[in-house]
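Below: one structure, written as structure tokens.
The values are calculated or read from the model by the stated rules, or taken from the named source; none is laboratory data. Bear in mind that the values here come from a model prediction, so they are computed numbers and not experimental data. Heads up, the Cβs are rebuilt from the backbone with ideal geometry, glycines too, and the neighbour counts pull from every protein chain shown.
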Amino acid sequence: MVDTGAQHSVLNKKLGPMSKKTSLVQGATGTKRYCWTTERKVNLGTHQVSHSFLVIPECPAPLLGRDLLTKVNAQIHFDPGGMSVTDGLGQPIHVLSLALRDEYRLFVPKPSETIALDVQPWVHKYPLAWAETAGMGLAKQRHPVVIELKAEAVPVRVKQYPMSQEARRGITPHIRRLMDAGILRRCQSPWNTPLLPVKKPGGTDYRPVQDLREVNKRVSDIHPTVPNPYTLLSSLLPEYTWYTVLDLKDAFFSLPLAAQSQEIFAFEWTEGEGQPVVQLTWTRLPQGFKNSPTLFNEALSEDLYEKQRIGKGVLTQQWGPWKRPVAYLSKRLDPVAAGWPPCLRIIAATALLVRDADKLTYGQQLSVYTPHAIEGVLKQPPGKWISNARLTHYQALLLDAPRVRF
């Protein structure tokens with residue numbers, strides 16, 4: 001049952017392991033404390049998320065509260081014909097109806113076909129290590145990218161290739177999603193390049209791919225700085241058998257495109273027969289553009305580069321024989337610590353990052369890796385840079401064996 005007045009989604013019976021977390025609930029019959037489930041994977045129709053439910057046995061029916069409605073971007077409309085619930089794209093949220101005799105099919109466990117047997121123990125041991133589907137991010141601190149054209153370049157206009165109705169229907173949801181996110185916008189441009197819908201294997205869904213070859217010919221070349229994967233693999237020692245590859249989804253869309261450079265990526269689009277043909281273009285760095293990998297790699301490298309006055313670190317979790325990043329931490333140093341020499345400044349940065357890491361790990365054991373041997377410095381008497389009070393604070397936080405190890 002959809003209940004927009006309920007802050008949390010509710011189950012009326014236990015459907016798995018329970019967590020130690022409890023909450024007080026004020027109802028018509030008084031105040032009572034109820035338990036929460038552990039994080040469970042929930043299929044929202046458009047994507048999966050991890051979510052905890054409040055278990056209230058007295059509740060007559062399970063409640064879909066504001067927390068899950070927010071994750072699905074639900075919109076509730078009241079029309080003369082009745083009420084409807086849609087997702088963030090305006091598509092109706094489908095409800096499965098079935099006979100009572102077939103209800104058991106909902107509770108048949110799905111076999112874990114894609115999880116290898118040697119990895120399954122780690123999945124069960126760390127059930128919270130899941131990523132949720134979120135919207136496309138925007139690097140707000142980056143300046144818009146300006147595309148430099150060659151001196152002799154003139155606008156090129158390539159007609160749209162014929163497109164089947166099946167392909168057009170397949171890419172329409174993707175085009176609408178990008179327009180709703182502001183990544184695509186309408187325009188009128190002398191430039192035009194065609195779309196090439198590519199069918200995804202094993203279904204009817206299509207992926208919109210833009211043919212930017214003519215645009216790429218007219219854009220100035222820049223020196224590529226993207227690492228060669230073969231060079232990286234050859235630098236690994238032979239005894240390494242496990243590797244971690246981070247695939248940043250829609251990474252190019254995180255970089256804004258300068259207004260004067262947007263119209264060179266325009267393309268024609270119509271949603272069907274009888275609909276007007278319009279031109280759309282990108283407001284973010286597009287896929288298929290020859291310089292996108294280099295531009296994004298440079299932006300990512302600059303953001304991860306260590307800057308004075310800001311302490312940065314990566315919190316990793318042991319996952320089998322390798323370490324997996326789970327959080328990227330950054331804290332600004334106070335004005336006093338920012339003026340110290342690097343060998344002392346890193347003590348202040350480490351203290352700030354360890355304190356933040358404690359909040360995420362609930363005080364579990366930490367192994368700290370730094371480019372300076374700060375443990376020896378902490379054990380020395382305070383000098384002219386660090387006061388007794390500061391040194392005592394850092395020692396209490398960092399010299400906490402065996403919880404903190406260097």
Condition check for GLN275: under 23 Å from VAL158 (Cβ atoms), modelled with pLDDT under 85 and not aliphatic (A, V, I, L, M): yes
Quick check: is even one residue across the stretch 279-288 over 27 Å from the mean Cα position of the chain (by Cα) and surrounded by 13 or more Cβ atoms within 10 Å (Cβ to Cβ)? yes
Quickly run through the stretch 136-154 and pick out the residues that are assigned to a loop (DSSP other than H, G, I, E, B) and β-branched (Val, Ile, Thr). VAL146, ILE147, VAL154
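Matching residues to (1) among the hydrophobic types (A, V, I, L, M, F, W, C); (2) more than 24 Å from ASP303 (Cβ to Cβ):
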residue: CYS343; (1), (2): yes, yes
residue: ILE346; (1), (2): yes, no
residue: LEU353; (1), (2): yes, no
residue: ASP358; (1), (2): no, yes
residue: SER367; (1), (2): no, yes
residue: LYS379; (1), (2): no, yes
residue: GLN395; (1), (2): no, yes
Please list, ordered by first then second residue, the pairs with beta carbon atoms under 9 Å, 6 or more apart or interchain, first in the stretch 212-236 and farther than 29 Å from ARG157 by Cβ, second among the hydroxyl-bearing types (Ser, Thr, Tyr) and surrounded by 11 or more Cβ atoms within 10 Å (Cβ to Cβ). HIS223/THR294; THR225/THR294; VAL226/THR294
Looking for whichever is out of contact with any Asp or Glu (no Cβ under 7 Å at 6 or more places or on another chain), crowded, with 16+ Cβ neighbours inside 10 Å, over 30 Å from PRO121 (Cα atoms) and at pLDDT below 80 here; the options are ILE374, ILE346. Which one fits? ILE374
When the stretch 349-371 is examined, which residues are found to be loosely packed, with under 15 Cβ neighbours inside 10 Å and closer than 21 Å to ALA337 by Cα? ARG355, TYR369, THR370, PRO371
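Name the single residue, out of those in the stretch 348-395 being polar (S, T, N, Q) and in a loop (DSSP other than H, G, I, E, B), that is nearest to the chain's Cα centre (by Cα). Walk me through how you get there before you give the answer.
Initial filter on the stretch 348-395 (polar (S, T, N, Q)): 350, 361, 364-365, 367, 370, 380, 387-388, 392, 395.
Of the ones still in play, those that are also in a loop (DSSP other than H, G, I, E, B) are 364-365, 370, 380, 387.
Numbers: GLN364: 25, GLN365: 27, THR370: 27, GLN380: 43, SER387: 41 Å.
So the residue we want is GLN364.
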Unique residue being in contact (Cβ under 8 Å) with a residue 12 or more places away in the chain, farther than 18 Å from SER189 by Cβ and outside the structural domain of ARG169 (by TED's automatic domain parsing) when the list is LYS290, LYS312: LYS312
Is it true that ARG142 is in contact with a helix residue (DSSP H, G or I) (Cβ under 9 Å, 6 or more places away or on another chain), charged (D, E, K, R) and not assigned by TED's automatic domain parsing to the domain that holds TRP269? yes
What is the one condition in (1) in the same structural domain as VAL215 (by TED's automatic domain parsing); (2) over 19 Å from the mean Cα position of the chain (by Cα); (3) crowded, with 16+ Cβ neighbours inside 10 Å that GLU271 does not satisfy? (3)
Elements of type strands (runs of 3 or more DSSP E) in the stretch 2-43, at least 2 residues being among the hydrophobic types (A, V, I, L, M, F, W, C): 18-27, 30-37
Inside the stretch 47-87, counting only strands (runs of 3 or more DSSP E) that do not spill past its ends, which hold 3 or more residues that are in contact (Cβ under 8 Å) with a residue 40 or more places away in the chain? 48-51
Yes or no: the stretch 182-192 includes at least one residue that is in a loop (DSSP other than H, G, I, E, B), touching a residue at least 40 places away in the same chain (Cβ under 8 Å) and under 16 Å from PRO208 (Cα atoms). yes
Would a scan of the stretch 155-163 turn up a residue that is at pLDDT 90 or above, loosely packed, with under 14 Cβ neighbours inside 10 Å and part of a loop (DSSP other than H, G, I, E, B)? yes
